[in-house]
Each structure stands twice: as structure tokens, then as C-alpha cells.
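Engineer: Sharing a structure, written as C-alpha cells. Questions coming.
Each reported figure results from applying straightforward, stated rules to the coordinates on display, with no laboratory input. Owing to the predicted nature of the structure, the values given are computational and were not obtained by experimental measurement. Positions of Cβ are generated from backbone atoms using ideal geometry, with glycine treated the same way; all protein chains shown enter the neighbour counts.
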Amino acid sequence: MSKTDFLNLCRQVTGADHVVTDADSLQAYESEWRQRIKGKALAAVRPGSTEEVAQIVRLCQQFRVPLVPQGGNTGLVYGSIPDHQGNAVVLSLKRMQTIRELDIDNETITAEAGCLLAQVQQAAADAGKLYPLSLASEGSCTIGGNLSTNAGGTAVLRYGNARELCLGLEVVTANGDIWHGLKGLRKDNTGYDLKNLYIGAEGTLGVITAATLKLFPAPRASCTALAAVATPDAALRLLNAAKNHLGPTLTGFELISDFCLQLVLRHFPELRHPFQQTSPYYVLLEIASHESQEHAAGLLLDLLEKESAQNQLQDAVIAESSRQAQTLWSLRENISMAQAAEGKNIKHDIAVPASSIPAFIAETDALLHRHFPGCRIVCFGHMGDGNLHYNISAPKHTGDIFLKQQEPINRIVHDQVQRFNGSISAEHGLGTLKKEEIRRYKSTIELNLMQTIKTALDPHNLMNPGKVL
Ligand SMILES: Cc1cc2nc3c(=O)[nH]c(=O)nc-3n(C[C@H](O)[C@H](O)[C@H](O)COP(=O)(O)OP(=O)(O)OC[C@H]3O[C@@H](n4cnc5c(N)ncnc54)[C@H](O)[C@@H]3O)c2cc1C
């Protein structure tokens, strides 16, 4: 039987409208978010139910057609697009957008994989609850994609990443069986934790079709502050003081270097510098209160006054309205776009223990400046989680030719990450972008165990082949 037979059988499963084969319509499924690379698909198939996903996976097995699960296609490591061979099917989950259950008393929501993150956040909010996963891509990324990449974002410090927010999964396995694992249990010690195999697997082991997620009481108020600090070491001291003083009310702790802030002010002229004087680093803090706005603001003020009295801060500002809070957040959220507007750069999404961040930055900055004089380091990120976006822009007026230095620059940065017992991918995953790089940094035992799991669950290597491993 031929590819045409395969596609006709897919059409019988989903209806002809949901098997996309014309070149123009396929482009959106073949290109990644930043439009840096493009693959080639045999077709994009858009099933509308778990049963349809299972039937398509079984057809892929029967015809030995590789399959690339795709959600919002906002992933940053090229995991959601096919390779160039043109023989893979993109399996889009975007039609599966039903919220199946909201169990207020159990504080859980069960959502299909194609639900947008923002949709789930809104459904929780409408019920007076909070689903705390929060990413800048939340209007486009999906629950299936969030779980498959174990997404992080800005509230990990308080609530954990996507893995920690998931209680149960429904999965179509690589051979087309449906695993009904949608339990809303906070305790279940009954053998191997299968759900945690599929979470973070980037679609290489099976297709997530639905998930039961944890909800939390919605805080009554939140408060945001920006503090200016002289060094990453001062930022670390502030982090520890904030944890001790604020306890679980502390929800965000973001580090911003002055170079990042200057980039944002240059490319977003409507934004103002929040302080009279510049400082080498800034920290954006957010807290949530279950009491009141006054309570939230009082807690933050108390912390910042104490730290100021001990000369730990250069300056600080507390947002007095949600609009001001948004303005402070936009200084953080616009860094990536400002950096892109400045020119191409070499990106790293790294994690080290939070306690090692000052030493990591000091040593790595020095190494890079020694080997690549004039390079500009764009250092910012979720310091509370030990996660930095540590990107390198070209020296002024050298342009894209600097990108040729990617390999030696990666070596310096990732060797440093290794030295501090860190991770070369904190929240974006491996995809194809980091799959070779990870072979340098994971032990043979880890790689062999991962390969053993892959071969056991997907013996014909049809689930998102070429990604992760
Ligand atoms: C502006 C912007 C900001 C971002 N900020 C953050 C951030 O703060 N933190 C962070 O962690 N990430 C961030 N990301 C990256 C990205 O948004 C996340 O990785 C997100 O979780 C991907 O979801 P998606 O639905 O777009 O998945 P996709 O990009 O479609 O897929 C990602 C991977 O998951 C697999 N996959 C998708 N759906 C399924 C499924 N149902 N079953 C099995 N496998 C599946 C794909 O094959 C692919 O390997 C950001 C991206 C952008 C563009």
C-alpha cells in the first residue's frame, strides 16, 4: 500500500478537511516560531478526539510513517516541526480544546491537549481558582506542548514547573493504545510513575491527549517591585531575604542586567528608566497575598526597607497600581524582543543552583570577554529557579558574522554550566537544537537509560524521530 492509501485512510478517520496536504497550507506546520528553520511534511493531520489520535497513530505504525506531535508550535528548540525528508506527518492537537472537567473541591481541571494555556488559566479564574503556569507564549501554546516540554515560566519559584502541576494524563502510546491515566490524586504510590515519562519527552514516546492539572486558591492581590542591586551576589542575598521574609507569598524573582534594561529602553522608547541612576543589576519581585493589596504592599515594603537599611539595595520602587506593575513587568518581558531587534545572538537557557549564580556569571563573563573582546552579554532570567537566559550578542558593528562563533561560545558557556553541576536546557527542552550538545554533558549511563526507554516504548522510532536522542 502507498502513501496515497495511507492519506486516504487518515481522511476516513478525521474527515478530508483535516488532512492538509497542499504546500501553502502546510507551511504553518513546517516552520518553527522564530522562522529560523523549516521542515517538510507529508501532511498535517488534525484529529478531533482521542480515539481519532489513536487510529492515526495505528495507521502510522502500519505504514511506518513518522509522526511529529504539534501543539501551539511555540517551542524554541525545533521539536515541533518535521525534518526535511517529507515523509512525516505533523499531528496537530489544536482541535482538541475541550475542558472536560473542573473539580473545585479537588482543586483540579481536566483539559484536552490542544487547550491553550490561556484558556485553562481563564477557566480556572472563572471558577475562582488559579492555574499558575505562566509563559509569555500563553496565548498560543497548548497544555500538551507545556507538558511535553515541562515548561517553566515566571511562577516556578512558588508553584513548580508543568510537571509539578500535573496529576494525571491520557496518552496515546506509540502503538496506538489509549492509556487512561486521568487521575486527580495527590498520592498514588503504585509502581513506576508513567506520567512522568511522558512529561518532558517532547513527543518522542507517545501523544498526550488530555491532562488533569492542579489548581490553587486564587490570591486576592499581588504586588510587584523592582530593586536595583550592585552585583549578582547582592541579588542572591535579596533572594534569600525575600524567601525568609515572604515565605510562600513570593511568586517571582527575576534578574535583569543593566545591559538588558538599556536594550529594552532603546527599542521600546515608550518605556522609562525606573530609577534616577543606573545600577549593574535589577531584580523584579512579585508577591501574592490571600489577604489584601495593602497586605501585599506592606510585606514588600517591609522587606525592601530592611534590605535598604543594611545597604543591600541601591534603590527600589514598588508598583502602586496594576498598571505600574505591568509596566515593570514589561521591562522584563520585552528583553527577548529588544535583543532580537538589536541583531542576531547566541542563546543559552541554562540552570545552575541559585547559590552558584553569582560565581557562574562572574567567571563566565570573564572567560567570554577574554576570548571574544567586545561581546555583549544579555543576562536575565528566573533567578529564583536558578535559570538564566545567558545570551551573547555580537560586538557592536560586527553583525551576523559573529554567529560563526557559536560553537566555541557554546563550549565556554556549557562547560561552565557543567562545572557548576547545572543543565544546558532549563526549560525549553532539547528538540533537534540541543540534541548533539547534550551528548557531551549527560553521562553514558543516562543516555543509555534514555535510549532503552525510547526503544521499549517506540521500537520502530516513529514518535518524533530525531528529537531529544
Ligand atoms: C514568546 C515565547 C516565550 C516563551 N517563554 C517560555 C517560558 O517562559 N518558559 C518555557 O518553558 N517556555 C517558554 N517558551 C517556549 C514554549 O512556549 C513552550 O515550550 C511551550 O510549552 C510549548 O507549547 P506548544 O503547545 O507551543 O508546543 P509545540 O511547540 O507545538 O511542541 C513542543 C514539543 O512538544 C511536543 N508536543 C506538543 N504537543 C504534544 C502532545 N500533545 N503530545 C506529545 N508531544 C507534544 C512537540 O512534538 C514538540 O517536541 C516560550 C516561547 C515563546 C515563543
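Engineer: Can you tell me, using C-alpha contacts under 8 Å and at least 6 residues apart, the relative contact order of the stretch 58-180 as a whole percent?
Structural biologist: It rounds to 19 percent for the stretch 58-180.
Engineer: Ratio of the stretch 99-217's C-alpha Rg to 2.2 N^0.38 Å, to two decimals?
Structural biologist: Working it through for the stretch 99-217, the quotient is 0.97.
Engineer: Classify the stretch 321-464 from the C-alpha gyration tensor, please: rounded if a/c falls under 1.5, else prolate or oblate depending on whether a/b exceeds b/c.
Structural biologist: Note, shape of the stretch 321-464 comes out prolate.
Engineer: Checking the cross-link filter: which aspartates and glutamates have an alpha carbon closer than 19 Å to that of K129, excluding same-chain neighbours under 8 positions apart?
Structural biologist: Result set, ordered by chain and number: E101, D103, D105, E107, E112, E138, E164, E286, E291.
Engineer: Filter K214/K434; K38/K347; K3/K435; K40/K467 down to the pairs with a C-alpha to C-alpha distance above 22 Å, please. Write out the running numbers ahead of the final one.
Structural biologist: Values: K214/K434 30 Å; K38/K347 19 Å; K3/K435 29 Å; K40/K467 15 Å.
Distance filter (> 22 Å) returns K214/K434; K3/K435.
Engineer: If amide H atoms are built 1.01 Å from N in the plane of the peptide, which residues on other chains or at least 5 residues away come under 5 Å of the amide H of C166?
Structural biologist: Excluding prolines and chain starts, which carry no amide H, the hits are K214.
Engineer: Quick one: longest stretch of the chain between exposed loop chymotrypsin sites (Phe, Trp or Tyr not before Pro), exposed meaning at most 16 other C-beta atoms within 10 Å and loop per DSSP?
Structural biologist: Here the longest run is 276-469.
Engineer: Right, here's the next one. In the stretch 410-469, which trypsin sites (Lys or Arg not before Pro) fall in coil by DSSP and have 16 or fewer other Cβ atoms within 10 Å?
Structural biologist: Filter output for the stretch 410-469: K442.
Engineer: To continue, here is another question. Which net charge results when you count Lys and Arg as +1 and Asp and Glu as -1 among the other residues whose beta-carbon is under 14 Å from that of A16?
Structural biologist: Working: positive: R11, R46; negative: D17, D22, E52.
Summing Lys and Arg as +1 and Asp and Glu as -1 gives -1.
Engineer: Also, I was wondering about something else. For the stretch 99-217, with only Lys/Arg (+1) and Asp/Glu (-1) charged at the beta-carbon, what is the dipole magnitude about the Cα centre, in debye rounded to 20? Numbers along the way, then the final one.
Structural biologist: Numbers: 9 positive and 13 negative charges, 54 e Å.
Computed charge dipole of the stretch 99-217: roughly 260 debye.
Engineer: A follow-up question, please. Over the stretch 182-279, what relative contact order in percent results from Cα pairs under 8 Å that are six or more residues apart?
Structural biologist: Result for the stretch 182-279 is 21 percent.
Engineer: Now for a separate question. Going by how many other beta carbons lie within 10 Å of each one, how would you line up T327, T108, fewest first? Could you put the intermediate results ahead of the total?
Structural biologist: Numbers: T327 17, T108 22.
Lowest to highest Cβ neighbour count: T327, T108.
Engineer: Mind listing which GluC sites (Glu not before Pro) in the stretch 263-331 are in a DSSP loop and have 10 or fewer other Cβ atoms within 10 Å?
Structural biologist: Working: sites: E270, E286, E291, E294, E305, E307, E320; in loops: E270, E291, E320.
Here the sparse-neighbourhood loop sites are E270.
Engineer: Hey, what's the Cα Rg ratio for the chain versus the globular rule of thumb, 2.2 N^0.38 Å?
Structural biologist: Rg over 2.2 N^0.38 Å, computed on Cα atoms: 1.01.
Engineer: Here's something else I'd like to know. Return the sequence-ordered ³J(HN,Hα) values of the stretch 250-263 in whole Hz as given by the Karplus equation 6.51 cos²θ - 1.76 cosθ + 1.60 applied to θ = phi - 60°, using x for Gly and Pro.
Structural biologist: Rounded to whole hertz, the list is 6, 10, x, 8, 10, 9, 9, 7, 4, 4, 4, 4, 4, 4.
Engineer: When only C-alpha pairs under 8 Å and at least 6 residues apart count, what is the relative contact order of the chain, in percent? Could you put the intermediate results ahead of the total?
Structural biologist: Details: 964 pairs, mean separation 70.7, N = 469.
Relative contact order here is 15 percent.
Engineer: Compute the signed sum of charges (Lys and Arg +1, Asp and Glu -1) over the other residues within less than 14 Å, Cβ to Cβ, of K40.
Structural biologist: Once all neighbours under 14 Å are counted, the net charge is -3.
Engineer: Taking every DSSP beta bridge that has both residues in the chain, what percent is antiparallel when rounded to the nearest 5?
Structural biologist: 85
Engineer: Determine the dipole magnitude for the chain: charges of +1 sit on the beta-carbon of Lys and Arg, -1 on that of Asp and Glu, nothing else is charged, the reference point is the Cα centre, and the result goes in debye to the nearest 20.
Structural biologist: Here the chain has a charge dipole of around 1080 debye.
Engineer: What does the C-alpha gyration tensor say about the overall shape of the stretch 221-336? Classify as rounded when a/c is under 1.5, otherwise prolate if a/b is larger than b/c, or oblate. Kindly include the intermediate steps, with their values, before the conclusion.
Structural biologist: Working: a/c = 1.91, a/b = 1.28, b/c = 1.50.
Oblate, because a/c is 1.5 or more while a/b does not exceed b/c.
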